[in-house]
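Heads up: the structure comes next, in structure tokens.
The values are calculated or read from the model by the stated rules, or taken from the named source; none is laboratory data. Bear in mind that the values here come from a model prediction, so they are computed numbers and not experimental data. With ideal geometry, Cβ positions are generated from the backbone for all residues, glycine too; neighbour counts draw on all protein chains shown.
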Amino acid sequence: MRRLLFAAVLGLCLTGAAHAHEYSAGDLRIAHPWTRPTVAGAPVAAGYFEVTNTGKTADRLVSAASPNATRVEIHQSSMEGGVMRMKALPQGVEIPAGGTVRLAPGGLHLMLMGPNKAFLQGDRIPLTLTFAKAGKVAVQLAAESRPASAPAAMPEGHKH
Ligand SMILES: [Cu+2]
């Protein structure tokens with residue numbers, strides 16, 4: 001049984017790239033929002049994506065919300081004295097003109113507080129991002145397993 005389950009998960013991972021998804025709003029391109037699968041009752045879940053600003057002026061991710069979480073915060077993880085710490089960024093995150101900001105494990109991320117269900121492999125979790133200029137952008141977080149030891153999990157040349 002356990003081996004069958006593993007094979008099923010691996011199969012989904014291998015086909016994951018086929019499900020890459022992207023959103024755009026104004027000058028912003030939002031590539032492949034995703035989250036890790038969770039169990040029911042998990043206190044938090046994380047959200048990751050890359051946002052590229054193709055415009056000539058900076059924008060700012062100011063907030064996010066999901067019908068599947070009590071609230072969503074913007075967090076920064078960092079190593080302090082060998083301990084991984086997280087802090088909330090109430091001012092949000094600037095998206096510089098011509099730049100890409102990456103929300104990824106171990107760094108910037110969205111924290112979904114109080115998920116109201118388990119996020120299962122293959123689920124799409126609705127999420128609304130609010131930018132200072134581009135406004136509200138509705139995206140979906142794809143729930144997918146990625147190895148913890150490979151936070152980047154994006155082979156070179158992997159394009160969305
Ligand atoms: Cu966090």
**Residue in segment 86-98 that is away from the ligand (no atom under 16 Å from the Cβ), under 17 Å from residue 23 (Cβ atoms) and modelled with pLDDT of 95 or more present** = yes
**Message:** Filter segment 24-82 down to the residues that are within 16 Å of the ligand (Cβ to nearest atom), under 16 Å from residue 143 (Cβ atoms) and aliphatic (A, V, I, L, M) and list them by number.
**Reply:** 42, 44, 45, 46, 69, 72
**Message:** Taking the criterion of being part of a strand (DSSP E or B) and buried (at least 17 other Cβ atoms within 10 Å of the Cβ), would at least one residue in segment 36-44 satisfy it?
**Reply:** no
**Prompt:** What do you reckon, is residue 110 within 13 Å of the ligand (Cβ to nearest atom), closer than 15 Å to residue 34 by Cβ and either within 17 Å of the chain's Cα centre (by Cα) or of a type in the set (Gly, Ala, Ser) (or both)?
**Reply:** yes
**Item:** Members of segment 107-146 that are in a strand (DSSP E or B) and of a type in the set (Lys, Arg)
**Value:** 124, 136
**Prompt:** Just wondering, is there one or more residues in segment 120-131 that are touching a residue at least 12 places away in the same chain (Cβ under 8 Å), over 30 Å from residue 40 (Cβ atoms), surrounded by fewer than 14 Cβ atoms within 10 Å (Cβ to Cβ) and of a type outside the set (A, V, I, L, M)?
**Reply:** no
